[in-house]
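A.B. asks: Below is the structure I would like to discuss, written out as structure tokens.
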Amino acid sequence: MTVSVDASSSTQFPSDAEIRRILVERIDLQRQSLGIVVGTFGAAGRRVIAHGQFGAFHARPVDGDTVFEIGSITKVFTALLLAEMAGRGEVGLDDPVASYLPADVAVPERDGRQITLVDLATHTSGLPRLPDNFAPADEENPYADYTVEQLYAFLSGYALPRDIGSQYEYSNLAMGLLGHALALRTGKDYGSLVRERILAPLGMSSTADAVLGDMNNRLANGHDETLAPVPNWDLPTLAGAGALLSTANDLLNFLEMVLGVRASPLSSALATTLATRRPMGPGNEESGLGWVISGSGDDQMIWHNGGTGGYRSFLGFLPAKGMGVVALSNTSTEVGVDDIGAHLLNRDSPLAPPPRVRVAVAVDPAIYDGYAGNYPLAPDFVLTVTREGEQLFAQATGQGKAEIYPESEVHFFYKVVDAQISFDVDGSGRASGLTLHQNGRDMPAQRVTG
């Protein structure tokens with residue numbers, strides 16, 4: 001893909017001073033991160049603007065060579081690995097994933113159709129976001145103890161809820177399975193394979209699935225939403241879903257290759273990741289191989305974001321305008337950096353307001369007994385509410401359990417994400433349903449048990 005760009009105002013980023021002002025506000029005033037690095041590429045060349053420091057107890061300034069976990073941006077590289085291997089003839093996009101797994105693994109099928117590699121890469125396989133036997137011993141490193149044996153056991157016992165290819169459902173499981181299958185095909189582990197086939201040819205020497213060499217000296221500490229340090233994540237089995245770490249400079253190099261303004265030995269594979277598309281829903285968003293494709297025409301944005309326990313990330317570009325943005329944060333907050341990346345690419349896309357400060361109040365814990373139960377938000381996505389002593393917890397299918405805190409007797413909020421729950425309570429104090437408020441959406445659910 002070759003892109004020509006001009007220097008009109010529609011292809012210009014805000015000034016360095018304006019970008020820095022956004023970062024200062026996000027870090028110093030809103031306290032939504034400790035360190036953010038933004039990289040831009042466009043008609044005027046590339047720039048890196050950074051503000052903040054490595055960590056709560058590490059005052060070193062972040063910069064374009066600072067290493068961050070990039071979470072689900074890893075999926076872009078897993079899908080690129082699929083395209084590269086398909087270009088070699090080692091796999092076919094339409095090959096059943098079962099072809100690359102042990103014979104005793106019964107990958108679910110539906111109406112005679114098998115899950116293919118392209119189904120996994122476009123999140124249309126019918127597999128859920130996470131397997132139902134995902135039960136981390138350590139919530140601060142949730143993927144660390146999920147084993148290959150557990151993965152195979154889940155696949156062998158799972159019944160697909162809908163036709164393969166019929167509906168988009170974002171799935172860490174699917175992309176982790178894709179990375180695992182590609183690794184088995186070559187007899188290598190995922191990390192070695194992606195470094196050999198993708199990262200080394202692209203010259204991305206500061207990107208890897210583990211902290212290698214001098215990356216350790218440049219690794220920013222990760223922090224949770226309270227700005228407290230947290231451990232880095234390990235993803236031994238589902239590495240293809242989110243194991244990579246990288247820098248703004250490496251990701252800018254990658255964007256330049258995707259946009260065709262920097263030579264790349266993987267240009268054909270990169271083109272395949274963008275050309276292979278499936279609809280994501282009733283709107284005009286599509287899923288490429290690993291990419292989210294939003295809008296059309298000159299303002300079409302192709303992107304992905306990422307988040308781990310201590311980091312948030314965004315990678316996006318406008319192909320028609322030859323503009324790209326990288327944004328990396330060493331703090332995992334709901335506001336994150338997605339809005340910064342989207343705003344820099346399109347100034348009509350607003351910056352997110354700071355999260356409302358919520359304060360827990362004292363209520364009688366006895367009322368929690370009337371709230372415990374299961375609340376299906378979707379056929380395969382249930383919010384389970386439980387009381388433990390004087391605390392109330394909520395756990396969504398495939399996710400960790402989190403405490404929810406009362407703002408009143410019926411209104412509760414999470415501290416780990418920007419989300420709230422309102423209970424519908426009858427005269428006896430029993431909840432008949434609830435509404436989950438998150439990302440601007442109100443999602444009601446009726447109580448079915450408990």
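A.B. asks: For every helix of n ≥ 4 consecutive DSSP H residues, a contribution of -39,500 (n - 2.57) applies; sum these over the chain, divide by its total residues, and give [θ] at 222 nm rounded to the nearest 500 deg cm²/dmol. Provide the component values of the computation, followed by the final result.
C.D. replies: Numbers: 10 runs with 91 residues, N = 450.
Here the helix-only value at 222 nm equals -5500 deg cm²/dmol.
A.B. asks: Which peptide among 114-121, 68-75 comes first, and what is the full order, when sorted by highest mean count of other Cβ atoms within 10 Å? Show your work: numbers first, answer last.
C.D. replies: On the way: 114-121: 23.9, 68-75: 28.0.
For the peptides 114-121, 68-75, the packing ranking is 68-75, 114-121.
A.B. asks: Cα convex hull of region 14-56: how many Å³ per residue? Intermediate values should be presented prior to the final figure.
C.D. replies: Numbers: hull volume 2.5 nm³, N = 43.
Looking at region 14-56, the number lands at 59 Å³ per residue.
A.B. asks: Ok, one more. Pull up all non-local amide H partners of Ala208: gap of 5 or more, or a different chain, and H-to-H distance under 5 Å with H placed in the peptide plane.
C.D. replies: Leu245
A.B. asks: Give me the number: length gained by fully extending Leu227 to Gln446, i.e. 0.36 nm times residue separation minus the C-alpha to C-alpha distance, one decimal in nm. Show your work: numbers first, answer last.
C.D. replies: Values: separation 219, 0.36 × 219 = 78.84 nm, distance 3.53 nm.
Length gained between Leu227 and Gln446: 75.3 nm.
A.B. asks: Another question about this same structure. Apply the Karplus parameterisation 6.51 cos²θ - 1.76 cosθ + 1.60, with θ equal to phi minus 60°, to every residue of region 256-271 and state each ³J(HN,Hα) to the nearest whole Hz, in sequence, with x for glycine and proline.
C.D. replies: 4, 6, 4, 6, x, 9, 10, 4, 9, x, 10, 4, 5, 5, 4, 5
A.B. asks: Cα convex hull of region 259-391: how many Å³ per residue? Intermediate values should be presented prior to the final figure.
C.D. replies: Details: hull volume 24.3 nm³, N = 133.
Cα-based convex hull of region 259-391, divided per residue, equals 182 Å³.
A.B. asks: Continuing with this model, one more query. Given just the C-alpha atoms of region 2-118, how large is their convex hull per residue in cubic angstrom?
C.D. replies: Numbers: hull volume 27.2 nm³, N = 117.
So the per-residue Cα hull volume is 233 Å³.
A.B. asks: List the equivalent ellipsoid semi-axes of region 161-300 in whole Å, largest first, each obtained as the square root of 5λ for an eigenvalue λ of the Cα gyration tensor.
C.D. replies: Working: eigenvalues 137, 84, 68 Å².
Listed largest to smallest, the semi-axes of region 161-300 are 26, 21, 18 Å.
A.B. asks: What part of the accessible area of region 203-327, given as a whole %, is carbon or sulfur when the probe is 1.4 angstrom?
C.D. replies: 49
A.B. asks: While we're here: For region 97-214, report the translational diffusion coefficient in µm²/s to the nearest whole number, using Stokes-Einstein at 25 °C, 0.890 mPa s, and a Kirkwood Rh over Cα pairs. Provide the component values of the computation, followed by the final result.
C.D. replies: Numbers: Rh = 15.5 Å.
Translational D for this selection: 158 µm²/s.
A.B. asks: Still on this structure, please answer the following. Taking the simple approach of a point 7 Å from Cα along Cα-to-Cβ for both Val148 and Ala263, what is their distance in nm?
C.D. replies: With each label point 7 Å from Cα toward Cβ, the separation is 3.9 nm.
A.B. asks: Could you compute the FRET efficiency for Lys401 and Gln30, with r as their C-beta to C-beta distance and R0 at 30 Å, rounded to 0.05?
C.D. replies: Details: r = 28 Å, r/R0 = 0.93.
E between Lys401 and Gln30, to the nearest 0.05, is 0.60.
A.B. asks: Step through the residues of region 297-308 one at a time and calculate ³J(HN,Hα) from phi using the Karplus curve (6.51 cos²θ - 1.76 cosθ + 1.60, θ = phi - 60°), rounding each to whole Hz and writing x for Gly and Pro.
C.D. replies: x, 5, 9, 4, 10, 10, 7, 7, 10, x, x, 10
A.B. asks: May I pose another question? Would you mind putting 45-55, 327-337, 122-132 in packing order, based on average other-beta-carbon counts within 10 Å, highest first? Numbers along the way, then the final one.
C.D. replies: On the way: 45-55: 18.8, 327-337: 26.5, 122-132: 23.2.
Top to bottom by mean Cβ count within 10 Å: 327-337, 122-132, 45-55.
A.B. asks: Assuming 1.002 mPa s and 20 °C, estimate D for region 246-337 with Stokes-Einstein, Rh taken as the Kirkwood radius over Cα pairs, in µm²/s.
C.D. replies: Values: Rh = 14.0 Å.
Answer from the Stokes-Einstein relation: 153 µm²/s.
A.B. asks: State the number of lysine pairs found in the chain whose Cα atoms come within less than 29 Å, restricting to pairs 8 or more positions apart or on distinct chains.
C.D. replies: Details: Lys75/Lys188; Lys75/Lys321; Lys75/Lys401; Lys75/Lys415; Lys401/Lys415.
Value for the chain: 5.
A.B. asks: Debye sum, Cα scatterers, region 334-450, no solvent: what log₁₀ I/I(0) at q = 0.10, 0.11, 0.20, 0.23 1/Å?
C.D. replies: -0.34, -0.41, -1.07, -1.33
A.B. asks: Cα gyration tensor of region 163-229, axes a ≥ b ≥ c as square roots of the eigenvalues: rounded (a/c below 1.5), prolate (a/b > b/c) or oblate? Please list the in-between numbers first.
C.D. replies: Details: a/c = 2.71, a/b = 1.24, b/c = 2.20.
Note, shape of region 163-229 comes out oblate.
A.B. asks: Quick one: what are the phi-derived ³J(HN,Hα) couplings along region 179-186, Karplus 6.51/-1.76/1.60 with θ = phi - 60°, whole Hz, x for glycine and proline?
C.D. replies: Per residue, the Karplus-derived 3J(HN,Hα) values read x, 5, 5, 5, 5, 4, 4, 9 Hz.
A.B. asks: Starting with the highest mean, order 272-279, 240-247, 189-196, 292-299 by the number of other Cβ atoms within 10 Å, averaged over the residues of each peptide. Write down the numbers at each step before the final one.
C.D. replies: Details: 272-279: 17.4, 240-247: 28.1, 189-196: 20.6, 292-299: 14.1.
Descending packing order for the listed peptides: 240-247, 189-196, 272-279, 292-299.
A.B. asks: Taking a spot 7 Å from the Cα of Ser99 along the direction of its beta carbon, which residues of region 255-295 have an amide N less than 20 Å from it?
C.D. replies: 269, 272-273, 276-277, 289-290
A.B. asks: Along the Cα→Cβ direction, 7 angstrom out, place labels at Arg347 and Ala378. What is the inter-label distance in nm?
C.D. replies: Taking the two extended label points, one gets 3.7 nm.
A.B. asks: Could you work out how far the C-alpha centroid of region 332-396 sits from that of region 116-173, in angstrom?
C.D. replies: The two parts, judged by their Cα centres, are 23 Å apart.
A.B. asks: What residues have an amide H closer than 5 Å to that of Leu219, excluding those fewer than 5 places away on the same chain, when H is modeled at 1.01 Å from N in the peptide plane?
C.D. replies: Val67
A.B. asks: A further question on this structure: For the chain, what does the alpha-carbon gyration tensor say about shape, rounded, prolate or oblate, given a ≥ b ≥ c as the root eigenvalues, a/c under 1.5 as rounded, and a/b over b/c as prolate? Don't skip to the end; give the middle numbers.
C.D. replies: Values: a/c = 1.68, a/b = 1.19, b/c = 1.41.
Oblate shape, in that a/c is at least 1.5 and b/c is the bigger or equal ratio.
A.B. asks: 5 Å is the cut-off here: which amide hydrogens, built 1.01 Å from N in the peptide plane, fall below it relative to Leu377, excluding neighbours closer than 5 in sequence?
C.D. replies: Answer set, sorted by chain and number: Val382, Leu383.
A.B. asks: Skip the ligands, DNA and RNA, and give the accessible area per residue of the chain with a 1.4 Å probe, whole Å². Mind showing how you got there, number by number?
C.D. replies: Values: 18150 Å² over 450 residues.
It amounts to 40 Å² per residue over the chain.
A.B. asks: For region 149-188, list residues with backbone N below 18 Å from a point placed 7 Å from the Cα of Ala106 toward its Cβ?
C.D. replies: 149-162
The values are calculated or read from the model by the stated rules, or taken from the named source; none is laboratory data. None of the values given here were measured: they were computed from a predicted structure. Cβ coordinates were reconstructed from backbone atoms using ideal geometry, including for glycine residues, and neighbour counts include every protein chain displayed. Only protein heavy atoms, including side chains, enter the accessible area calculation; ligands, DNA and RNA are left aside. Shrake-Rupley method; radii C 1.70, N 1.55, O 1.52, S 1.80 Å.
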